[in-house]
Amino acid sequence: MNAVVDGIRLVSALLAVDRLKIHRSCKGLIAEVPGYSWSESHAERGEDVPVKADDHGVDALRYGCATTRALWQQRIPLALAA
(Lines give C-alpha, C1' and ligand atoms only; values in the text may rest on other atoms or scores of the structure.)
Protein backbone atom coordinates (compact mmCIF):
# COMPACT_ATOMS: atom_id res chain seq x y z
CA MET A 1 0.00 0.00 0.00
CA ASN A 2 2.93 2.34 0.62
CA ALA A 3 3.67 2.41 -3.12
CA VAL A 4 0.10 3.57 -3.78
CA VAL A 5 0.36 6.42 -1.28
CA ASP A 6 3.78 7.39 -2.65
CA GLY A 7 2.35 7.37 -6.18
CA ILE A 8 -0.57 9.56 -5.12
CA ARG A 9 1.86 12.00 -3.53
CA LEU A 10 3.96 12.01 -6.70
CA VAL A 11 1.00 12.79 -8.98
CA SER A 12 -0.25 15.39 -6.53
CA ALA A 13 3.18 17.07 -6.42
CA LEU A 14 3.49 17.08 -10.21
CA LEU A 15 0.07 18.67 -10.55
CA ALA A 16 0.81 21.19 -7.77
CA VAL A 17 3.96 22.50 -9.48
CA ASP A 18 2.26 22.50 -12.90
CA ARG A 19 4.57 19.79 -14.29
CA LEU A 20 1.78 17.35 -15.16
CA LYS A 21 -1.05 18.33 -17.46
CA ILE A 22 -4.16 16.37 -18.29
CA HIS A 23 -5.53 16.96 -21.77
CA ARG A 24 -9.20 17.89 -22.03
CA SER A 25 -9.80 14.83 -24.22
CA CYS A 26 -9.16 12.61 -21.17
CA LYS A 27 -12.78 12.96 -20.13
CA GLY A 28 -12.94 9.73 -18.11
CA LEU A 29 -9.86 10.61 -16.08
CA ILE A 30 -11.08 14.15 -15.48
CA ALA A 31 -14.43 12.80 -14.30
CA GLU A 32 -12.71 10.38 -11.87
CA VAL A 33 -10.35 12.84 -10.19
CA PRO A 34 -12.92 14.63 -7.97
CA GLY A 35 -14.22 11.29 -6.69
CA TYR A 36 -10.80 9.97 -5.71
CA SER A 37 -10.90 9.92 -1.93
CA TRP A 38 -9.48 8.35 1.18
CA SER A 39 -11.23 5.63 3.15
CA GLU A 40 -12.73 7.15 6.30
CA SER A 41 -12.78 3.80 8.12
CA HIS A 42 -9.06 3.32 7.48
CA ALA A 43 -8.34 6.95 8.43
CA GLU A 44 -9.91 6.29 11.83
CA ARG A 45 -7.20 3.64 12.33
CA GLY A 46 -4.48 6.05 11.17
CA GLU A 47 -4.09 4.47 7.72
CA ASP A 48 -3.97 6.26 4.36
CA VAL A 49 -5.94 4.03 2.00
CA PRO A 50 -7.76 5.28 -1.10
CA VAL A 51 -11.32 4.14 -1.80
CA LYS A 52 -11.23 1.55 -4.60
CA ALA A 53 -14.18 2.67 -6.74
CA ASP A 54 -14.28 4.15 -10.24
CA ASP A 55 -10.54 4.79 -10.14
CA HIS A 56 -9.07 3.00 -13.15
CA GLY A 57 -7.97 6.17 -14.93
CA VAL A 58 -6.50 7.73 -11.79
CA ASP A 59 -4.70 4.47 -11.00
CA ALA A 60 -3.29 4.35 -14.52
CA LEU A 61 -2.08 7.95 -14.21
CA ARG A 62 -0.40 7.17 -10.87
CA TYR A 63 1.19 4.00 -12.22
CA GLY A 64 2.39 5.73 -15.39
CA CYS A 65 4.03 8.57 -13.47
CA ALA A 66 5.63 6.28 -10.92
CA THR A 67 6.96 3.66 -13.34
CA THR A 68 8.46 6.20 -15.74
CA ARG A 69 9.95 8.43 -13.05
CA ALA A 70 13.53 7.37 -13.84
CA LEU A 71 13.03 8.68 -17.37
CA TRP A 72 11.84 12.18 -16.45
CA GLN A 73 12.93 12.93 -12.89
CA GLN A 74 16.21 14.58 -13.91
CA ARG A 75 14.36 16.96 -16.25
CA ILE A 76 11.50 17.83 -13.91
CA PRO A 77 12.79 19.03 -10.57
CA LEU A 78 10.54 18.28 -7.61
CA ALA A 79 11.15 18.87 -3.95
CA LEU A 80 10.04 15.33 -3.06
CA ALA A 81 11.54 12.68 -0.88
CA ALA A 82 12.59 9.64 -2.90
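The values are calculated or read from the model by the stated rules, or taken from the named source; none is laboratory data. Worth saying up front: this structure is predicted, and the values here are computed from it rather than measured. When we count neighbours, we look across all protein chains shown, and the Cβ atoms used for this are built from the backbone with ideal geometry, even at glycine.
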Could you tell me which residue of the stretch 18-59 is surrounded by the most Cβ atoms within 10 Å (Cβ to Cβ), considering only residues that are small (Gly, Ala, Ser) and modelled with pLDDT of 80 or more?
GLY57
Residues that are in a helix (DSSP H, G or I) and of a type in the set (D, E, K, R), drawn from the stretch 35-82
GLU40, GLU44, ASP59, ARG62, ARG69
So how many residues does the stretch 1-57 have that are among the polar types (S, T, N, Q) and under 17 Å from TRP72 (Cα atoms)?
1
GLY7 passes all but one of the listed conditions (1) modelled with pLDDT of 90 or more; (2) under 12 Å from the mean Cα position of the chain (by Cα); the exception is number (1)
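So if I check each of ARG62, ARG24, which one is charged (D, E, K, R) and within 9 Å of the chain's Cα centre (by Cα)? First the steps, then the outcome.
On the way: ARG24 fails: within 9 Å of the chain's Cα centre (by Cα).
Being charged (D, E, K, R) and within 9 Å of the chain's Cα centre (by Cα) holds for just one of ARG62, ARG24, which is ARG62.
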Got a number for residues in the stretch 3-57 being hydrophobic (A, V, I, L, M, F, W, C) and without any contact (Cβ under 8 Å) to a residue 40 or more places away in the chain?
12
Among the residues of the stretch 1-26, which ones are more than 15 Å from VAL49 (Cα to Cα), β-branched (Val, Ile, Thr) and part of a helix (DSSP H, G or I)?
VAL11
Please verify whether LEU29 is in a loop (DSSP other than H, G, I, E, B) and in contact with a Leu (Cβ under 7 Å, 6 or more places away or on another chain), treating the condition exactly as stated.
no
